[in-house]
């Protein structure tokens, strides 16, 4: 650690750091949350462990619950809270969800899918997700922007 | 002149004689002139903005044959710390090169984990300020000190609404005996300087209170601020400070000495 100049250093996954036992979110996540708080675009943020750590007010409308109510969710929990389906209506495995691709494969991903939120409402959304690295070898999490799309009537 | 005009440099000494120097602003020139070379010198840089490294070229131990100097700083994926510092040690900015220094100089990227120098435990975290910027927490013999001289702890959100782990720098400052923290702006000045990477007096006080520090020392005075103006910020900080269990805030001044026991 500390050899930050290019090279073949192994990737480091930075979860919650602790200073003398006190937890501290990575600065990149803190700044991502501040950015998301200022956006009119729905956004959610996951940390390096895959846990959902924040979603903003525009996201609350789409997800169907406020962040204050839902709170942060661990990796195993949050994706299952939202029922996801591809455009044909078939259930979408979590690993094909753009946010999961960004988290697990560490690459940007975009897609459209049907999402049933925590309020039971089904919405067509487009999601663009990108991994967050604080340096080329330090993965800190993921940010996803998403939009509710107008539903097209079948001709 | 009550507060002084040098840029940041703080000397930390333990009872065992360990010497750490935080930042190499112009204040380091005087420090270096007074230093007796009796062991390794460790300079911990928060970041490489000129006001925090300006004095390094004039730091006497660098020019003493046989002296051992270690320089620590934030890592970069593109250039080593030595390469970045060398920019200031070269023409046209300086007539001599870094390679011309007489001391044995070693450059270190700060580690992510806690590390020790001479019995002092050190933590370095990135904090919110333009460019890679660190804050430091030093602990030794049951005392602790946090140094976050350039910091804008929140941007566009209310600190009161955040849990501690979401406040930049909180992990470093939590429950330290003494916190040196950025207090460049008054509350009125800050409204037109959001995103500059510095704190208002209200930010500094709220951050210190949320971190439950023992003593807040206002630092990084605006270079255009008069001594009376700094007094005014201290007065405002003390108004905002609402914790009788801790010492009221004070402002750092040149030559100030604090003893932690």
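The values are calculated or read from the model by the stated rules, or taken from the named source; none is laboratory data. As the structure is a computational prediction, the values presented were derived from the model and not from experiment. All Cβ positions, glycine included, derive from the backbone under ideal geometry; neighbour counts span all protein chains shown.
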Report yes if some residue within segment B:65-81 is part of a helix (DSSP H, G or I), touching a residue at least 24 places away in the same chain (Cβ under 8 Å), out of contact with any helix residue (DSSP H, G or I) (no Cβ under 8 Å at 6 or more places or on another chain) and surrounded by fewer than 18 Cβ atoms within 10 Å (Cβ to Cβ); otherwise report no.
-> no
Which one of A:103, A:118, A:132 is outside any strand (DSSP E or B) and over 19 Å from residue A:58 (Cα atoms)?
-> A:103
Taking residue A:68, is it surrounded by fewer than 17 Cβ atoms within 10 Å (Cβ to Cβ), under 20 Å from residue B:163 (Cα atoms) and within 14 Å of another protein chain (Cβ to nearest Cβ)?
-> yes
Kindly provide the set of residues from segment B:16-42 that are closer than 16 Å to residue B:88 by Cα and without any contact (Cβ under 8 Å) to a residue 60 or more places away in the chain, ordered by number.
-> B:24, B:25, B:26, B:28, B:29
Select from segment B:107-140 the residues that are at the interface with chain A (Cβ under 9 Å from one of its Cβ atoms), outside any loop (DSSP other than H, G, I, E, B) and over 11 Å from residue B:47 (Cα atoms) and list them in ascending order.
-> B:108, B:109, B:121, B:123, B:125, B:137, B:139
Return yes when residue A:95 is in contact with a helix residue (DSSP H, G or I) (Cβ under 8 Å, 6 or more places away or on another chain), free of Cβ contacts under 8 Å to residues at least 40 places away in the same chain and farther than 25 Å from residue A:31 by Cα and no when it is not.
-> yes
Scanning for something surrounded by 15 or more Cβ atoms within 10 Å (Cβ to Cβ), within 14 Å of chain B (Cβ to nearest Cβ) and over 16 Å from the mean Cα position of the chain (by Cα), does segment A:115-133 turn up at least one residue?
-> no
May I ask you to list the residues in segment A:124-155 that are within 18 Å of residue A:52 (Cβ to Cβ) and touching a residue at least 60 places away in the same chain (Cβ under 8 Å)?
-> A:125, A:132, A:139, A:140, A:141, A:142, A:143, A:144, A:145, A:146
The listed residue being surrounded by 22 or more Cβ atoms within 10 Å (Cβ to Cβ) and more than 17 Å from the chain's Cα centre (by Cα), out of B:45, B:62 = B:62
Could you grab me the full set of residues in segment B:82-96 that are in contact with a helix residue (DSSP H, G or I) (Cβ under 6 Å, 6 or more places away or on another chain) and either in a helix (DSSP H, G or I) or modelled with pLDDT of 95 or more (or both)?
-> B:86
Test: residue B:99 is modelled with pLDDT under 95, surrounded by fewer than 17 Cβ atoms within 10 Å (Cβ to Cβ) and not in a loop (DSSP other than H, G, I, E, B) = yes
Just name the residue that is nearest to residue A:122 (Cα to Cα) out of those in segment A:66-79 that are in a loop (DSSP other than H, G, I, E, B) and in contact with a helix residue (DSSP H, G or I) (Cβ under 9 Å, 6 or more places away or on another chain).
-> A:66
The number of residues in segment B:27-57 that are part of a helix (DSSP H, G or I) and under 12 Å from residue B:69 (Cβ atoms) is 3
Among the residues of segment A:106-115 satisfying the criterion of being without any contact (Cβ under 8 Å) to a residue 24 or more places away in the chain and in a strand (DSSP E or B), which is nearest to residue B:76 (Cα to Cα)?
-> A:109
Return a yes/no flag: does segment B:249-261 have any residue that is within 19 Å of the chain's Cα centre (by Cα) and closer than 23 Å to residue B:163 by Cα.
-> no
Does segment A:25-37 contain any residue that is within 11 Å of chain B (Cβ to nearest Cβ), in a loop (DSSP other than H, G, I, E, B) and either at pLDDT below 95 or within 25 Å of residue B:123 (Cβ to Cβ) (or both)?
-> yes
Positions within segment B:43-59 being in contact (Cβ under 8 Å) with a residue 40 or more places away in the chain and in contact with a helix residue (DSSP H, G or I) (Cβ under 9 Å, 6 or more places away or on another chain), in sequence order = B:45, B:46, B:47, B:48, B:54, B:55
